[in-house]
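Enquirer: Just dropping this structure here.
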Ligand code: NAD
């Protein structure tokens with residue numbers, strides 16, 4: 001495969017592990033200069049060594065001023081941001097709505113939805129000004145289907161889908177392309193929080209018959225943030241092994 005990202009500056013939130021790390025590794029391998037933003041300092045340290053990322057910043061994406069500071073530091077270290085992938089996210093404990101504490105509902109929204117908004121808000125003015133940008137948000141099949149016990153997660157990911165569609169319309173005149181991916185269950189640290197019987201139930205719903213590898217998500221996301229993705233914006237790219245065939 002030829003290098004698709006020579007000299008491109010890419011910010012990957014949640015880039016210290018899982019899907020974000022797989023994306024970061026691929027972009028760096030294809031010539032991109034990658035900044036990893038993540039709340040987990042230890043994981044970030046390991047990820048920088050393994051991924052070839054040029055820059056890391058410990059940042060909680062729910063904190064508006066911390067995200068602004070991370071953006072300023074990234075600009076100083078690498079220059080203007082061409083690519084944003086918002087992979088920072090949490091699933092949280094599975095609880096039926098009647099047992100879901102309001103604080104937990106709000107925290108899951110803060111990370112998954114506020115974090116996506118704040119990260120995009122930081123990079124959008126520069127992309128618009130330069131007339132180029134690629135943004136890939138990370139939603140979930142849970143944002144399209146109801147999952148018992150996953151109301152907060154699913155609602156936050158439905159919010160990510162809607163946010164992405166609006167941002168795509170706002171930025172289309174400036175030549176900035178914005179899409180989202182809706183993964184099904186993927187083998188990352190996140191599924192450690194899900195009970196084994198729930199994982200088996202999810203696997204049995206996948207026509208391709210298996211849980212995805214993070215690399216398979218990275219393959220699709222890297223297309224979404226490449227120059228080749230030039231005539232699709234505001235789309236939800238399915239990555240559910242055939243489950244969400246709609
Ligand atoms: P992961 O836990 O391996 O990675 C998530 C990363 O986000 C971690 O490095 C974590 O430290 C970081 N993070 C969490 N809270 C943060 C915060 N407040 N600020 C900054 N960073 C924070 O999980 P993953 O599976 O790679 O998840 C990546 C994205 O994919 C998430 O948005 C998740 O919802 C989505 N997703 C995952 C699956 C799956 O089955 N793994 C399925 C659908 C969607």
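Enquirer: Assuming 1.002 mPa s and 20 °C, estimate D for segment 147-246 with Stokes-Einstein, Rh taken as the Kirkwood radius over Cα pairs, in µm²/s.
Expert: Here the translational diffusion coefficient equals 144 µm²/s.
Enquirer: Taking the Cα atoms of segment 9-239, report the difference between the largest and smallest coordinate on each principal axis, in whole Å and largest first.
Expert: 46, 38, 36
Enquirer: What are the principal axis extents of the Cα atoms in segment 13-97, in Å, biggest first?
Expert: Here the Cα extents, ordered largest to smallest, are 45, 27, 23 Å.
Enquirer: Order these peptides, 21-32, 194-205, 138-149, by their mean beta-carbon neighbour count within 10 angstrom, highest first.
Expert: Highest mean packing first, the order is 21-32, 138-149, 194-205.
Enquirer: Here is a follow-up. Quick one: length gained pulling residue 170 to residue 98 fully straight, 0.36 nm per residue minus the C-alpha distance?
Expert: So the chain would gain 22.2 nm between residue 170 and residue 98.
Enquirer: Any idea what the relative contact order of the chain is, in percent, if you count C-alpha pairs under 8 Å spaced at least 6 apart?
Expert: 19 percent
Enquirer: Find how many whole Å separate the alpha carbon centroid of segment 217-246 from the alpha carbon centroid of segment 1-69.
Expert: Each part reduced to its Cα centre gives a spacing of 20 Å.
Enquirer: Ranked highest first by average number of other Cβ atoms within 10 Å, how do 116-126, 2-12 line up?
Expert: 116-126, 2-12
Enquirer: Using a ≥ b ≥ c from the Cα gyration tensor of segment 52-162 (square roots of the eigenvalues), is it rounded, prolate or oblate, where a/c under 1.5 gives rounded and otherwise the larger of a/b and b/c decides, a/b for prolate?
Expert: Cα axes put segment 52-162 in the prolate bin.
Enquirer: Between residue 128 and residue 230, what is 0.36 nm times their sequence separation minus the Cα-Cα distance? Round to one decimal in nm.
Expert: Taking residue 128 through residue 230 to full extension adds about 35.2 nm, to one decimal.
Enquirer: If I take the Cα coordinates of segment 117-192 and project them onto the principal axes, what are the three extents in Å, biggest first?
Expert: Sorted from largest, the Cα extents of segment 117-192 read 42, 22, 18 Å.
Values in this text are rule-based calculations from the coordinates and carry no lab data. Since the structure is predicted, the reported quantities are computational estimates derived from the model, not experimental observations. Methodologically, a virtual Cβ is constructed for each residue, glycine included, from the backbone with ideal geometry; neighbour enumeration extends over all protein chains shown.
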